[in-house]
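Asker: Below is one structure. I have some questions about it.
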Amino acid sequence: NRMHLVCPMNTSPYVDPQKSGHSIWEEFSMSFTPAVREVVEFAKRIPGFKDLSQHDQVSLLKAGTFEVLVVRFTSLFDVKERKVTFLSGRKYSVDALRSLGAGDLLNSMFDFTEKLQALNLSEEEMSLFTAVVLVSADRSGLENVNSVEALQETLIRALRSLITKNHPNEIAIFTKLLLKLPDLRSLNNMHSEQLLAFKVHP
Amino acid sequence: FSDPASNLGLEDIIRKALMGNMEEKQE
């Protein structure tokens, strides 16, 4: 019976109390489905991803979609103004969202966004980093860990090479990026806890 | 234990998108 949806993958955090749980869920699902499809399309364009077994493709996407979305949608978090843009384009302040029930996850999202934006990555670097986020051999349920690991290593090498080429005097950027991976895991875990608390099925 | 990704229906969306929406085409 949650009354507010503080995830920016909604058009608004406010829920019409007249609506049934089912229709609220349907609307939420329709809101985030295009973003998930975009993540799948992105994954399909990663060289080597389609060569993995379908089971492992699904497992990686199930486990990593949230983390990919966090990286892709850092622009929704205005660090300076401390505001979050929802799908409708309307911005809500952190204070407003806190009063609606947003917890530590929101602050952690801002911290992550601030640190990632500070690295000033190009679109190509961001894209390759996102591929590294998705192709992680330590996700649960993988049937062919070696294949995923081999692809992961290829992608990490490519990212390192790109960062070295673009920032010859700032190789620390590569290390900082790799250190973002556990941060994303932590955000993913916090998000999962929120989802478990949120009974999505009416 | 409840799987958040399954709760969201993520797996279904992912499978359909991976298959190139074959199910939708058949419909």
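Throughout, read-outs are computed from the coordinates displayed, never taken from laboratory work. Quantities reported herein were computed from a predicted structural model and do not represent experimental measurements. All Cβ positions, even for glycine, are placed from backbone atoms using ideal geometry, and neighbour counts span all protein chains on display.
Asker: Would you mind computing, in nm to one decimal, how far apart the modelled labels at A:Thr11 and A:Arg45 are, each placed 7 Å from Cα along Cα→Cβ?
Answerer: 2.8 nm
Asker: Mind listing the phi-derived Karplus ³J(HN,Hα) values for the stretch A:145-151, rounded to whole Hz, using 6.51, -1.76 and 1.60 with θ = phi - 60°, and x for any glycine or proline?
Answerer: 4, 4, 5, 5, 5, 5, 5
Asker: Work out the count of Lys pairs in the protein assembly as shown where the Cα-Cα distance is under 19 Å, with the pair 8 or more places apart or on different chains.
Answerer: 15
Asker: Please tell me the relative contact order of chain A in percent, rounded to the nearest whole number, where contacts are Cα pairs under 8 Å and at least six residues apart.
Answerer: Computed over chain A, the figure is 26 percent.
Asker: Given a Förster radius of 22 Å and the C-beta distance between A:Lys80 and A:Lys115 as r, what FRET efficiency does 1/(1 + (r/R0)^6) yield to the nearest 0.05?
Answerer: After rounding, the FRET efficiency stands at 0.95.
Asker: Can you pull the one-decimal nm distance between simple spin-label points at A:Asp104 and A:Ser122, each 7 Å off the Cα toward Cβ?
Answerer: 3.8 nm
Asker: Among A:Met30, A:Met109, A:Met126, which one shows the highest mean-square fluctuation when chain A is modelled as a Gaussian network with alpha-carbon springs under 10 Å?
Answerer: Among A:Met30, A:Met109, A:Met126, the largest GNM mean-square fluctuation belongs to A:Met30.
Asker: Residue-wise, which Karplus ³J(HN,Hα) couplings in Hz belong to the stretch A:9-20, taking 6.51 cos²θ - 1.76 cosθ + 1.60, θ = phi - 60°, and x for glycine or proline?
Answerer: Computed from phi, the couplings for the stretch A:9-20 are 7, 10, 6, 7, x, 8, 10, 5, x, 6, 6, 6 Hz.
Asker: For chain A, what does -39500 (n - 2.57) per DSSP helix run (n ≥ 4), summed and divided by total residues, give at 222 nm, in deg cm²/dmol to the nearest 500? Numbers along the way, then the final one.
Answerer: Working: 7 runs with 125 residues, N = 202.
Result for chain A: -21000 deg cm²/dmol, rounded to the nearest 500.
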